[in-house]
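Below: the structure, in structure tokens.
The values are calculated or read from the model by the stated rules, or taken from the named source; none is laboratory data. Nothing here was measured: the structure is a model prediction, and the numbers come from that model. Cβ coordinates were reconstructed from backbone atoms using ideal geometry, including for glycine residues, and neighbour counts include every protein chain displayed. Calculation scope for accessible area: heavy atoms of the full protein, side chains included, ligands and nucleic acids excluded. Shrake-Rupley method; radii C 1.70, N 1.55, O 1.52, S 1.80 Å.
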Amino acid sequence: MTAVRLAAVDVGASSGRVMLARVGPGTLELTEAHRFRNDPVRVAGTLHWDVLALYRGVLEGLRAAGPVAGLGIDTWAVDYGLLDATGALLGNPVHYRDGRTEGVGDRVAKQLGPARLYATTGLQHLPFNTLYQLVAAAGTPQLEAAHRLLLIPDLIAYWLTGVIGAEVTNASTTQLYDLRRRTWATDLMADAGIRGEMFPPLREPGTRIGPVRPTLDLPGTPEVVAVGSHDTASAVVGVPAVGEHFAYISCGTWSLVGVELDAPVLTEASRRANFTNESGVDGTFRYLRNVMGLWPLQESLRTWGTTDLPALLRQAAEQPAFRSVVDPDDPTFLPPGDLPARIAETCRRTGEPVPEHPAATVRCILDSLALAHRRAVQQAQQLSGRHVDAVHVVGGGARNDLLCQLTADTCDLPVLAGPVEATALGNALVQARTLGVIGGGLAELRSVLRGTQQIVRYEPRPNATAWRAAARRLGWAD
């Protein structure tokens, strides 16, 4: 079969894009058709996503891509839009970084019990999980009027096709999905005061959703395919690993660090380590820990008003290693704003030397993130029993030579960096298989990646004693 053209719609926390993929047996090519900004908007004290602007960007991208046989949509997780009984959107979705969920997670845990929450959903405690957002929204006119709740990629798919549904890799991030039964956790919803009838039927990645609406006047009549609609699920498909003994780091605004398993890990030790179990493509499970990824670096660049990251990385590489380290997951770093000032204040509070200029701040961020990668890779192996021989870094972080080398050093494992566009590639591969262009399981899809994509290898430089000492300053023992 000859190669076909497919559109991978990939919307992240800071930007979205439509990638044009050409896929066939032994062929996997990717070009950017259109990129658009994702700028949150604060209205009356609440931080929202401008989802209509995102949808406009998607349509512009699909028109720029030209005729395609299929398209798939992936985005970030947990956030949602509410529809009334006519299918109209009830206001812009609230951003997960909004402060409305502050303290809600602790309240829900006391009510429902953290052990029950973990045994049912397998999710780590994150303050912005959909469960907590809905509890925070209880009693509001929008939620009272809502007929349907759609996660962001399902909302875009609905606008494109008119078909309602919820793809499971994203549904599994809500803390409202029963991981073992593979259904919505309706009992949990009821006990939390959440109306289960709002939630649409579930669909697996690889499901044909339907053709785009003719009224959209897009080139051709592409079929919309449910891919791993949580961007990390598509990114893990796009990891060019051989076999099962690998760890992955999908590194962008967040670093999702973990292993791919055939069954969830729902032990008490796993819960206490705050590891998450999310559904993956082909019935797999993404056993991982969410680590605050490149967000502090991105916000620091915005605060400084600079776009010359390569120069800053060169200067950071010349800074003393481990001079200042912080816990990237400190809640202080979650909201947008002046991250360099918050890093400095955290260093003062914890007794670390305060970074005195941007290059020192960047080195602090990257040393700290590499330490967090090390911790998560080690814990993933210990808790799952899955030994790993290499770490694959995909996503935007694969471009960051210093971070990749520091991650290899601290994990004492080879790091294989790339592809940068793992999410869009994984999205396109699942589409292509659904449309009958290629066949096989994840192993076969990943062999296509290895034969077509550039991968850079970083060997660890021995310095285990120094890394362990730096980890101990954060209270992280081996």
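When you count the other C-beta atoms within 10 angstrom of each residue and take the mean per peptide, 47-56, 429-438 line up highest first as 429-438, 47-56. Rolling a 1.4 Å probe over the heavy atoms of the protein chains gives the stretch 326-393 an accessible area of 36 Å² per residue. Summarising the amide proton neighbourhood of HIS147: residues at separation of 5 or more, or on other chains, whose placed amide H is nearer than 5 Å comprise LEU83, ASP84, ALA85. Ellipticity at 222 nm from helices only: DSSP H runs of n ≥ 4 in the chain, each -39500 (n - 2.57), divided by the residue count, give -11000 deg cm²/dmol.
Solvent exposure of the stretch 189-305, expressed per residue, is 34 Å² of accessible area, with all protein chains present and a 1.4 angstrom probe. Tell me whether the stretch 179-275 comes out rounded, prolate or oblate; compute the Cα gyration tensor, take square roots of the eigenvalues as a ≥ b ≥ c, and use a/c under 1.5 as the rounded threshold. It comes out oblate by the Cα gyration axes. The accessible area of ARG97, taken with all protein chains in place and a 1.4 Å probe, comes to roughly 20 Å².
For HIS392, the residues whose amide H sits under 5 Å from its own are ALA247, TYR248, ILE249, LEU416, ignoring neighbours fewer than 5 places away on the same chain, with H placed 1.01 Å from N.
Per-residue SASA remark: ARG348, around 140 Å² accessible (1.4 Å probe; ligands, DNA and RNA not included). What is the stretch 3-137 by shape, rounded, prolate or oblate, if you read a ≥ b ≥ c off the alpha carbon gyration tensor as root eigenvalues and call it rounded for a/c under 1.5, prolate for a/b larger than b/c, and oblate otherwise? Since a/c reaches 1.5 and a/b is larger than b/c, the shape of the stretch 3-137 is classed as prolate. With the simple model of a label 7 Å out from the Cα in the direction of the Cβ, THR215 to ARG272 spans 5.7 nm. Using every pair of distinct Cα positions in the chain, the Kirkwood expression returns a hydrodynamic radius of 22.6 angstrom. Across the chain, C-alpha contacts under 8 Å between residues 6 or more apart give a mean separation that, scaled by the residue count, equals a relative contact order of 17 percent.
Protein heavy-atom accessible surface, 1.4 Å probe, per residue over the stretch 134-185: 31 Å². The stretch 417-434 and the stretch 445-465 have their alpha-carbon centroids 17 Å apart.
Carbon-plus-sulfur fraction of the accessible area of the chain, 1.4 Å probe, in percent?
51 percent
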